[in-house]
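A.B. asks: The structure is given below, and queries will be raised subsequently.
The values are calculated or read from the model by the stated rules, or taken from the named source; none is laboratory data. All values reported here derive from a predicted model rather than from experimental measurement. For neighbour counting, all protein chains shown are included, and Cβ atoms are generated from backbone atoms with ideal geometry for every residue, glycine included. Each accessible area value is taken on the protein alone, full model and side chains, heavy atoms only, with ligands, DNA and RNA left out. Shrake-Rupley method; radii C 1.70, N 1.55, O 1.52, S 1.80 Å.
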Amino acid sequence: MTNSRHPRRASRALSHRNYQLFLSGALISNSGVWVQMLALAFVIEDLTNSGTWVGLAAMMQTLPAVGLGMVGGAMADRFPRRVMLMITNSVQSVIALGFAAMWAAGVDRPLAYIALGVVNGCVNGIQLPAWQAFVSELVPRGALLNAVTLNSAQFNASRAVGPAVGGMVLAVGGPGWAFLVNSLTYVPAVLALALIQVPRLAPTGGSRPNIFKDAAAAVRHAADHPGIRRAILIAGVVAFFGQPIIHLVVIFANDVFKVGEFQYGILAAASGFGAIMATPFVAIKGSQVSRSRLVNLGWPLYGVALLGFALSPYYWLAVVALAVLGAAHIATASTLNTVIQLQVEEALRAKVLALYLMTLLAGLPLGAQLQGALADLIGPRVAVGGAGVLLAATALWWVISGRTKVLDLN
């Protein structure tokens, strides 16, 4: 038992200055990312009026990160992660300015926005493994579980703040201002990283990264550790069936509930609000119960909530369903991330996390593309509802068969 299991120590990671800086910068920049994601989905849907195009835009923003994830993992295990994050955040700020400039210039070709989204996805692929692995440098091991949970909480808080702000900015100023807001949010993130002082934990080996060798090492390590292997597999299933709703919610706002930009922002923010409400439970109770129990609760609930959203006859009932989905998401996602962080070897941390993130980043766009196309063919309610049924059924099978018990291994 670690001391992090005591409720009064549920926020122990926040007692470390480096982690305070990291979390505050991350919350601001990630909120901006959601503002941009909301605006970009709005632009693509406005230009095409097609769920297929919305799904394609989501896929093309994310797949480059899948291809470059292992490159980012190899780099993050060899070079200072703080410096990497400062560079990638600065580049993403410039890309956001590019989106704003395109909209101001009257560019009305969806492929132009998708192309710049591909560039952003490439930078994201380099950044994400370093971002996840950097958490282990900011707190002692005894506070790692709490640090990972709070990091998931800030990400989900940004899912609440970002879309809500994005909806208001879209309603008042339009997509151009939303892209500009995102660009500005990277400034405090870079400043926070500049103020962080940590000893360098990543190896200093002078050899150049061998991507195939590093990928093979990560796969072998995951295969040899059943807890890591199954955490990655569960994450992929959730990403494919559950997370595409992040991008497809615009279709429900426009075509199902027929609401304006502000209500669209509220709908997109609902899952983030639900995650925030569930954070105290996960941060405190999550340290007092087994990780498998948290997943056994969160994963099936995720599917049920997704089905409930798809079948909701009223807008506000859909908001509630997405809030429940957000609570299920943080219970599941933060637990799976913690499993990997606690079971992985330090020398392979970023590379194994890159494998985990690549699974997430592959599942989400592929699921969004499939569900977006099905939404055009058979309607969004049937497409998303079917995904919810499959997600819940898969979860229940794993829970009943006891396959999640390996998540408790240390």
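A.B. asks: Mean shadow of the chain, computed from the convex hull of its alpha carbons, in nm²?
C.D. replies: That works out to 17.9 nm².
A.B. asks: In addition: Considering only protein heavy atoms and a 1.4 Å probe, what is the carbon-and-sulfur percentage of the accessible area of region 15-129?
C.D. replies: Ligands and nucleic acids excluded, carbon and sulfur give 68 percent.
A.B. asks: Next question, about the same structure. Per the helix-only calculation at 222 nm, which mean residue ellipticity applies to the chain, given -39500 (n - 2.57) for every DSSP H run of n ≥ 4 and division by its residues, nearest 500 deg cm²/dmol?
C.D. replies: Calculated at 222 nm, the ellipticity per residue is -27500 deg cm²/dmol.
A.B. asks: Provide the per residue accessible area, probe 1.4 Å, for the chain, rounded to a whole number of square angstrom. Show your work: numbers first, answer last.
C.D. replies: Working: 16000 Å² over 410 residues.
Computed with neighbouring chains in place, this is 39 Å² per residue.
A.B. asks: Between E345, E137, E45, where does the largest GNM mean-square fluctuation fall for the chain, given springs only between Cα atoms within less than 10 Å?
C.D. replies: Maximum among the listed residues: E345.
A.B. asks: Who wins for biggest fluctuation among V256, V54, V384 in a Gaussian network model of the chain, springs between alpha carbons below 10 Å?
C.D. replies: Greatest mean-square fluctuation among the candidates belongs to V256.
A.B. asks: Can you work out D for region 37-108 in µm² s⁻¹ from Stokes-Einstein, where Rh is the Kirkwood radius over C-alpha pairs, the temperature is 10 °C and the viscosity is 1.306 mPa s?
C.D. replies: Details: Rh = 14.3 Å.
D = 111 µm²/s.
A.B. asks: Let me ask something additional. Mind ranking 389-398, 174-183 by how tightly packed they are, going by the mean number of other C-beta atoms within 10 angstrom, highest first?
C.D. replies: Descending packing order for the listed peptides: 174-183, 389-398.
A.B. asks: Accessible area of region 266-410 with a 1.4 Å probe: how many percent of it is carbon plus sulfur?
C.D. replies: Within region 266-410, the accessible surface is 74 percent carbon and sulfur.
A.B. asks: Going from most exposed to least, what order do D408, D46, D214, D224 have by accessible area with a 1.4 Å probe?
C.D. replies: Sorted by accessible area, descending: D224, D46, D408, D214.
A.B. asks: Please report, in debye to the nearest 20, how large the charge dipole of region 339-405 is about its Cα centre when each Lys and Arg carries +1 at its beta carbon and each Asp and Glu carries -1 there.
C.D. replies: That gives region 339-405 a dipole magnitude of about 160 debye.
A.B. asks: Same structure again: Name the residue, out of I266, I28, I400, whose mean-square fluctuation peaks in a Gaussian network model built on the chain with Cα pairs under 10 Å.
C.D. replies: I400
A.B. asks: Measure out, as a whole number of angstrom, how far apart the alpha-carbon centroids of region 72-123 and region 345-410 sit.
C.D. replies: 25 Å
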